[in-house]
Each structure stands twice: as C-alpha cells, then as structure tokens.
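Following: one structure in structure tokens, then a few remarks.
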Amino acid sequence: MSPSALERLTLYFGVVRSRQGLLARAALDTPAPGDDTLAEDIARTLSAELRPDGTVGGGAVPTIWRVHELVDLGRDRTDPALSATLTWLLATQGKAGAYGEGCDKTRHAQRLCQHFVRGFFSPAPPEVRVAPITLPNGKAFRVEAAARFAISCLGLRAACRAGLGREPGATQHLESIRALAEQWTTWSGHFAPDSIVAGLHALAQGGPGSEASVARVVDLIGANQTPDGLWANADPFPTLDALQATGLESARAITARVLPALGQRQRADGSFGAMAQQERALIALRALLWASPDL
C-alpha cells in the first residue's frame with residue numbers, strides 16, 4: 001500500500017531542521033531530540049539578521065514575516081528583536097504608499113479611497129513599485145494595488161499575533177477590512193479571490209467584532225468551490241491557511257473537500273512543488289490534521 005499524504009508529510013518533516021520542521025513535528029506530537037535547542041538557535045539566527053532599523057534587508061515582506069517567524073518560535077514583545085520589527089512595522093502605518101491612499105471620483109464611489117480605508121501599512125513609497133511580489137506562502141501578487149493590500153494584511157496578522165490587535169492603528173485597519181468585506185459578494189468583482197483570502201486571514205486574527213465578516217467570507221469561499229474542491233483563480237494553499245485560521249466548522253467542511261485534490265498534487269517526497277516548499281507542506285499538514293475525517 002502506498003503511503004498516505006499524512007505519512008509522506010510526517011517523513012518529509014521528520015528530520016528537517018527549520019522553523020517549519022519544528023512546527024510540523026509539534027503539530028504531529030512527534031518532537032525530535034533537541035528541538036527545544038533548535039528553536040532557540042533558529043530564533044537567535046533570525047534575530048541576528050536584523051538591521052539596526054529592525055528590518056530584514058530593508059524589505060517590507062521579509063521584515064513582516066520575521067515577526068511571524070519569531071512569534072512561531074515563542075518570542076513575545078519583550079524580546080528585543082521582535083520589538084524592533086514591530087516598531088518598524090507600526091511606523092509604516094498610514095504612511096505614503098499605503099493601500100487606499102489618494103482619492104478620485106471612481107474610487108470614492110467604490111469606497112476604496114483614504115476617506116474609507118485607513119490604518120493600512122505602507123510597504124514602500126508610492127513611487128517605488130512593489131509588484132510583482134511573492135509572499136512566504138508562495139502566492140504571487142502581480143497587480144500593484146493587490147500587492148500592497150496583501151502585504152498590509154500580512155502585517156496586520158503579524159501585529160495581532162504579537163498582541164497588538166487592540167492598538168488603535170490595528171483596530172482601524174481591521175475596521176477598514178470589515179468595511180471592504182461588505183463588497184466581497186462575488187468571486188469576480190473588484191477584489192480578486194486571492195485578495196479576498198488575504199483579507200479573510202487578517203480578519204480571522206482580529207478577534208471580537210470580526211465574526212460576522214469572517215463567517216460571510218467563508219461562506220463566499222465555500223460557494224465558489226469547484227467540484228474537485230479547489231477554486232478558480234485562487235491559490236489553494238493560502239486559502240486553506242486562511243480557512244483554518246477562522247476555526248469555523250463551516251471552514252473545516254470546506255477544507256475537507258479540498259483534501260483529495262491536495263493528495264493528488266503531492267509529490268512522492270511529501271512536498272507540493274518547489275515554490276515555498278516547506279511552508280506549503282506545513283499548510284497542507286495542518287489542513288490534513290484539522291479536517292481529515294480519518295484523524
């Protein structure tokens with residue numbers, strides 16, 4: 001009998017000395033000897049890579065992702081490295097280049113301008129092109145506005161995970177996404193499906209006040225699932241990650257319908273391709289553990 005998708009992933013992550021390997025083994029409850037020491041070593045290495053300004057090479061995405069990585073490894077806001085990255089992130093909020101900046105008649109009518117969209121983080125000044133950009137989960141955004149929106153949502157998730165979700169700026173950002181989510185009624189509107197997924201993932205971290213918006217977007221994702229369990233024009237891995245973040249039973253049911261197609265995409269070594277290989281494998285592992293009826 002050939003190994004199952006979960007068995008392949010268990011073997012794949014069994015000896016991987018990385019953050020993803022640590023998280024996978026913890027999820028499987030199969031820690032390897034020395035994993036505690038490895039977590040400290042990785043966290044120290046990641047912290048040492050920061051510039052004095054708290055960034056990773058001056059880039060928005062790697063710096064925001066560093067917050068996620070350090071939180072995953074057990075660091076909190078008392079940690080100097082994490083504090084430095086958060087200070088940098090918060091300083092970009094509402095700065096020139098943030099999603100929603102500027103206004104014209106059309107954008108105002110669509111409620112997509114600075115009069116309605118506030119609190120977003122700026123990944124770069126407006127004259128510096130951000131797109132195309134690939135996020136750590138392997139999803140590429142090629143449209144400038146969508147890239148800035150998705151990066152800011154990644155930043156909002158980082159701030160919430162680090163315990164800053166009730167800060168005024170984060171609250172304003174969440175309120176803006178909730179307002180935008182009122183427009184997410186179709187899979188082919190102004191917001192592309194992958195942008196909707198990015199917004200959902202941020203809302204899922206937002207805590208009280210976002211429940212109705214989260215449930216409505218999850219229903220939209222479920223309504224647009226194709227017969228094979230996937231989605232037209234949406235990357236399944238970020239979608240699975242966002243669905244699990246909601247914790248909703250409706251999202252679990254949607255995830256369960258994806259699992260057969262996920263297994264068909266899996267390589268013999270347990271991975272799902274070369275792009276963001278370990279990150280996507282970790283997303284798949286978590287989806288299997290969360291929604292597989294056999295586990």
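The values are calculated or read from the model by the stated rules, or taken from the named source; none is laboratory data. Computed from a predicted structure; not experimentally measured. As a convention, Cβ positions derive from the backbone with ideal geometry for all residues, glycine included, and neighbour counts pool all protein chains shown. Heavy atoms of the whole protein, side chains included, go into the accessibility calculation; ligands, DNA and RNA do not. Shrake-Rupley method; radii C 1.70, N 1.55, O 1.52, S 1.80 Å.
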field: Looking only at segment 221-245, and only at residues there that are more than 10 Å from Ala291 (Cβ to Cβ), in contact (Cβ under 8 Å) with a residue 40 or more places away in the chain and open to solvent by 30 Å² or more (accessible area, probe 1.4 Å), the one that is nearest to the chain's Cα centre (by Cα)
entry: Asp241
field: Selection within segment 86-95 - without any contact (Cβ under 8 Å) to a residue 40 or more places away in the chain and either among the hydroxyl-bearing types (Ser, Thr, Tyr) or in contact with a Ser or Thr (Cβ under 6 Å, 6 or more places away or on another chain) (or both)
entry: Thr87, Trp88, Lys95
query: Quick check: is even one residue across segment 44-51 polar (S, T, N, Q), open to solvent by less than 20 Å² (accessible area, probe 1.4 Å) and closer than 27 Å to Cys153 by Cβ?
result: no
- request: Spot the failing condition for Ser271; the list is (1) under 23 Å from Thr30 (Cβ atoms); (2) among the hydroxyl-bearing types (Ser, Thr, Tyr); (3) open to solvent by 20 Å² or more (accessible area, probe 1.4 Å), and only one is missed.
  value: (3)
- prompt: Tell me, which helices (runs of 4 or more DSSP H) lie completely within segment 3-90 with 1 or more residues that are modelled with pLDDT under 95?
  reply: 5-13
Matching helices (runs of 4 or more DSSP H) fully within segment 97-209 where at least 1 residues are of a type outside the set (Asp, Glu) and open to solvent by less than 20 Å² (accessible area, probe 1.4 Å): 144-161, 168-181, 193-204
- line: Of the candidates Val218, Val214, the one satisfying the condition of being β-branched (Val, Ile, Thr), within 18 Å of Ala291 (Cα to Cα) and either touching a Leu at 6+ places or on another chain (Cβ under 8 Å) or open to solvent by 10 Å² or more (accessible area, probe 1.4 Å) (or both) is Val218
